[in-house]
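The values are calculated or read from the model by the stated rules, or taken from the named source; none is laboratory data. All of these numbers come straight from a predicted model, not from anything done at the bench. Backbone-built Cβ (ideal geometry, glycine too); neighbour counts: all protein chains shown.
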Amino acid sequence: MKLDRRAALIAGLTLPLAAGAQTAPPGVSDKPAPAGLAEPVETIDLWPKDAPGRPATLPVEKIDQRSSDPLVADRSVSGIATPRLVAFRPRIANGASVLVMPGGGYSRIVIDHEGYDLARWLVARGFTAYVLFYRLPGEGWAAGPDVALADAQRAVRLIKTRAIRDGLDPGRVAAIGFSAGGHLCADLATRFAARTYDPVDPSDKLIARPTVAAPIYPVISMTLPVAHGGSREKLIGKHASATLEAAHSPDRNVTKETPPCFLVHAEDDGVVPVENSLLFRAALRAAGVPVETHLFTHGGHGFGIRKAAGKPAELWPELFLNWARTQGFA
């Protein structure tokens with residue numbers, strides 16, 4: 001697509017054209033995808049060279065296929081050494097973009113039911129969707145518990161940069177995250193201005209604040225017993241201090257600058273207690289930040305889109321879009 005340099009200059013940026021081949025999406029194989037669900041092919045590496053703060057030994061990507069049904073993909077990936085966005089583009093774009101952050105307890109990243117499934121749903125409604133494969137905090141990166149946030153901040157900035165180039169609206173970029181990805185989404189919403197990496201190019205002049213944020217059955221608190229133990233251990237360590245817990249609990253970091261938020265949780269979630277969403281909601285309300293909250297009696301954890309089918313919780317994506325319209329996004 002042609003680069004609109006005039007728009008770039010108006011925005012105060014000089015946009016570089018993509019240099020060289022981008023890293024393939026996680027999980028690409030020679031096996032055919034389920035009928036009607038073509039695998040994505042467009043990726044955007046987050047960093048122009050190596051990701052910052054690389055460990056002495058880089059992690060190696062590993063794919064785990066948890067589905068025994070050849071027509072249903074249920075993959076996860078760990079060992080992200082090259083963090084990247086996987087782009088899904090609609091035939092006719094409505095101008096808005098969505099950053100999707102799947103969960104996985106900060107030990108892996110779910111590819112399909114919290115990533116590609118939602119991206120395809122969004123694309124069918126005119127949104128440009130980007131699934132983020134972020135670095136994991138337990139894999140030796142120098143940024144430690146801020147490494148995934150650094151990738152999320154960089155992702156928002158690149159999405160806004162490419163929106164300027166592609167004729168989309170850089171003022172309409174939503175963030176949606178699930179479980180541990182919901183923690184990352186809430187962390188981004190509350191700490192979008194935190195300096196987690198040194199600027200690498202003009203994109204880093206852009207603010208990393210999303211227009212709206214939707215943490216879905218999110219990990220929020222890092223304080224036990226409300227915290228999800230696995231995510232807490234991977235993010236800040238098993239014996240983290242109260243100070244470190246507070247620094248990485250989004251409910252402790254809400255300000256009036258936090259974007260409007262949309263929360264979804266099931267009351268019977270046996271993995272991440274519903275109190276996580278309630279704590280975040282209370283903090284948002286105390287700061288005067290608009291928040292919409294939907295609590296479902298049944299749904300469990302990790303329902304995404306496909307596992308919510310046939311339950312009241314299956315309505316959450318439509319509820320999100322209806323709410324987002326009231327916030328000037330959709």
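Close Cβ contacts (under 6 Å, 6 or more residues apart or on different chains) running from residues in segment 68-97 that are assigned to a loop (DSSP other than H, G, I, E, B) to residues that are aliphatic (A, V, I, L, M) and surrounded by fewer than 20 Cβ atoms within 10 Å (Cβ to Cβ) comprise 79/60; 81/58; 90/123.
Residue-wise test of (1) within 11 Å of the chain's Cα centre (by Cα); (2) assigned to a loop (DSSP other than H, G, I, E, B); (3) touching a residue at least 40 places away in the same chain (Cβ under 8 Å); (4) over 29 Å from residue 229 (Cα atoms).
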| site | (1), (2), (3), (4) |
| --- | --- |
| 107 | no, yes, yes, no |
| 117 | no, no, yes, no |
| 131 | yes, no, yes, no |
| 146 | no, no, yes, no |
| 163 | no, no, yes, yes |
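Would you please name the residue that is surrounded by the fewest Cβ atoms within 10 Å (Cβ to Cβ), looking only at residues in segment 228-245 that are within 25 Å of residue 295 (Cα to Cα) and touching a residue at least 24 places away in the same chain (Cβ under 8 Å)? Only one residue fits best here, namely 230.
Looking across 177, 181, one residue alone is modelled with pLDDT of 95 or more, in a helix (DSSP H, G or I) and out of contact with any Lys or Arg (no Cβ under 9 Å at 6 or more places or on another chain). It is 181. Residues of segment 263-289 that are buried (at least 20 other Cβ atoms within 10 Å of the Cβ) and acidic (Asp, Glu): 269 alone. All of (1) touching a Pro at 6+ places or on another chain (Cβ under 9 Å); (2) within 27 Å of residue 172 (Cβ to Cβ); (3) small (Gly, Ala, Ser) hold for residue 79 with one exception: (2). For segment 90-119, a tally of residues being surrounded by fewer than 18 Cβ atoms within 10 Å (Cβ to Cβ) and either of a type outside the set (A, V, I, L, M, F, W, C) or under 27 Å from residue 145 (Cβ atoms) (or both) returns 5.
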